[in-house]
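Only one structure is covered here, and it is reproduced in the block below.
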Amino acid sequence: MAFPGVVSMDLKFSRADRSFRDEARAWLNANLPRERRPHSGDAMRQFDLAWQRRQFEGGWAGVSWPEEYGGRGLSLTRQLIWHEEYARADAPDNHLCFVALNHAGPTLIARGTEAQKRDHLSKILRGEVIWCQGFSEPNSGSDLASLRTQARIEGDHLIVNGSKIWTSHGHLSDWQELLVRTDAEAPKHKGISWLICDMKSPGITLRPIEIMTSPNQVHFVQCFYDDVRIPLGNVVGEINDGWNVAMSTLGFERGTAQVRDQIRYAYLVEKMICEAQRRLGSDSPLSNDEIGARLAQLRADMAAARAMTYMVTSRADAGLQDSRSSLMRAMVGDTQQRARRLALDILGPDALENREDDDWVYYYLRSFSITIAAGTSQIQRNIIGERVLGLPR
Ligand SMILES: Cc1cc2nc3c(=O)[nH]c(=O)nc-3n(C[C@H](O)[C@H](O)[C@H](O)COP(=O)(O)OP(=O)(O)OC[C@H]3O[C@@H](n4cnc5c(N)ncnc54)[C@H](O)[C@@H]3O)c2cc1C
């Protein structure tokens, strides 16, 4: 019997999917970079681009991207399998490629012109460019539609003036997905445009922002735009329809982009279970019951998150995109924070050592930012309430 709005899901992997998994696992085993990933600056950029290039050359970049732009044109289920194997192999987190691969690229595939796709997609997959996101402003974070960076049309260009903040890795980027106000008179959601901005354009100034977790490294910059000229051909979607395009971008950022992290954290929980078994004796300041209960809860939550990922992927393979991506984002943020806190409780003072292996304290501090980035957990819950559960505003 068919129920309205209910889509059947296939939660089993086919034989072909399983052999794809074997291939992915074998390639990762043979090709993982041996050197450690640098944590900042140009060395980090070179590392991430080189690793991306190696994946492309091996045929593993853009598993679900269209073939004509350098991808493999396979299903989202295969993309998910690749992410699972990538996390299982503990492959380096090439974070600088995150925006390009996980939301700018998918947005161009969904909403870009043919010329935009040809100009940008294969360069992303080949590891030639880094992208950043210019959405948030000093007074427009959660209420993104209130953004005030302006662009006026002059001939065949837009002239941009204003400022963006919290731009992750903006100083190492070649391109930016930039939201600007192109009609100040229209209702706030209707006067926004989504632009492809060349970060080398004259008139862009970057100011580094120091953060608690890495005082000697730059993660964020604030971007200032002073009469920056952007060709009209760089508008993605229609002019003044950028809000709709941005909703696609955020859907990718909060949904499929979370898959790898979610799987990585499921492995972390398994690692912590082994670590707890090894360490917790009767003289532990923490009772085994308490740690055991928290580990069990996290493992169950990770399994629920994985099931939800399969649901979202299965729906997306069936052509259904919706606000359920916020469920993934909310759950990933919450479980990461609990997993990082638990790791510190299990390791105790040892967490301060062994920094070459895994910087436990750094990742614990960083986990606080996870429920802010890509929309705070309160905003995700608002979206779940209003758009998934249909509750009144
Ligand atoms: C690690 C990290 C990386 C980031 N990278 C980027 C990037 O590359 N590009 C980019 O553009 N931005 C980036 N951001 C910015 C991020 O998107 C914003 O910080 C986020 O959207 C929140 O906006 P805000 O900081 O202005 O907080 P505010 O919007 O001022 O929110 C403050 C508090 O009020 C709560 N709140 C606000 N409105 C509501 C409401 N309606 N209902 C309930 N609670 C509400 C929020 O949940 C929050 O707790 C990044 C942030 C982080 C932490």
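Please give the net charge around Ala43, taking every other residue with its beta carbon less than 14 angstrom from that of Ala43, where Lys and Arg add +1 and Asp and Glu add -1.
0
Each residue of the range 21-27 in order: what ³J(HN,Hα) in whole Hz does its phi give by Karplus 6.51 cos²θ - 1.76 cosθ + 1.60, θ = phi - 60°, with x for Gly and Pro?
Per residue, the Karplus-derived 3J(HN,Hα) values read 4, 4, 4, 4, 5, 5, 5 Hz.
Work through the residues other than Gly134 whose Cβ is under 15 Å from its Cβ and net out their charges, Lys, Arg +1 and Asp, Glu -1.
-1
Just name one of Met212, His103, Phe13: the one whose Cα is farthest towards the positive end of the charge dipole of the chain (beta-carbon charges, Lys/Arg +1, Asp/Glu -1).
Going by the Cα projections, it comes out as Phe13.
Helix 325-347 against the longest principal axis of the chain: what's the angle in degrees, Cα atoms only, rounded to the nearest 10?
40
Please give the charge dipole size of the range 131-241, origin at the Cα centre, charges +1 on K and R Cβ atoms and -1 on D and E Cβ atoms. Round to the nearest 20 debye.
In debye, rounded to 20, the range 131-241 gives about 220.
Run the dipole for the chain about the Cα centre, Lys and Arg Cβ at +1, Asp and Glu Cβ at -1, nothing else charged, and hand back the magnitude in debye, nearest 20.
Magnitude of the dipole: close to 580 debye.
With the dipole of the chain worked out from charges on the C-beta (+1 for Lys and Arg, -1 for Asp and Glu) around the Cα centre, which of Leu28, Val269, Leu352 lies farthest toward the positive end?
Farthest along the dipole direction, towards plus: Val269.
May I ask you to order 244-252, 35-43, 270-278, 97-105 by the average number of other C-beta atoms within 10 Å around their residues, highest value first?
Packing proxy ranking, top to bottom: 97-105, 244-252, 270-278, 35-43.
Tell me, what ³J(HN,Hα) does each residue in the range 69-81 have, in order and in whole Hz, if you take phi through Karplus 6.51 cos²θ - 1.76 cosθ + 1.60 with θ = phi - 60° and put x for Gly and Pro?
10, x, x, 9, x, 8, 6, 5, 4, 5, 4, 4, 4
Return the long-range amide H neighbours of Leu158 (sequence gap of 5 or more, or a different chain), with a cut-off of under 5 Å between placed amide H atoms.
Those qualifying (amide H under 5 Å, at least 5 residues apart or on another chain) are Ile230, Leu232.
How big is the gap, in Å, between the Cα center of the range 126-154 and the Cα center of the range 165-193?
2
For Lys164, go through the lysines and keep the ones whose alpha-carbon is under 21 Å away, minus same-chain ones fewer than eight residues off.
Output for Lys164: Lys188, Lys190, Lys200.
Report, by chain and number, residues whose modeled amide H sits under 5 Å from the one on Trp166, excluding near sequence neighbours (fewer than 5 apart, same chain).
Those lying under 5 Å, H to H, from Trp166 are Val221.
Tabulate in residue order the Karplus-calculated ³J(HN,Hα) for the range 53-63, using 6.51 cos²θ - 1.76 cosθ + 1.60 with θ = phi - 60°, rounded to whole Hz; enter x for Gly and Pro.
With coefficients 6.51, -1.76 and 1.60, one gets 4, 5, 5, 4, 5, x, x, 10, 9, x, 3 Hz.
Which distance in Å, rounded to a whole number, links the C-alpha centroids of the range 222-270 and the range 70-86?
Computed from Cα coordinates, the inter-centre distance equals 20 Å.
Quick one: angle between helix 360-370 and the longest Cα principal axis of the chain, in degrees between 0 and 90, rounded to 10, please.
40
Within a Cβ distance under 13 Å of Asp22, other residues only, what is the Lys/Arg minus Asp/Glu net charge?
Result for the neighbourhood of Asp22: +2.
Could you line up Leu391, Leu178, Leu327 from fewest to most neighbouring Cβ atoms inside 10 Å?
Leu391, Leu327, Leu178
Which one, Ser64, Gly375, Ala293, is farthest towards the positive end of the dipole of the chain when Lys and Arg carry +1 and Asp and Glu -1 on their Cβ?
Ala293
Please report the projected area of the chain's Cα convex hull averaged over all directions, in nm².
For the chain, averaging the hull's shadow over all directions gives 21.8 nm².
Over the range 111-244, what portion of Cα pair distances is larger than 26 Å, expressed as a whole percent?
Percent of Cα pairs beyond 26 Å in the range 111-244: 21.
In debye to the nearest 20, how big a dipole does the range 289-393 give about its Cα centre with +1 on each Lys and Arg Cβ and -1 on each Asp and Glu Cβ?
Charge dipole of the range 289-393: 680 debye, to the nearest 20.
Laboratory data are not the source of any read-out in this text; all were calculated from the coordinates shown. If you're wondering where the values come from, they're calculated on a predicted model, not measured in any experiment. Note that we place each Cβ from the backbone using ideal geometry, even for glycine, and neighbour counts take in every protein chain shown.
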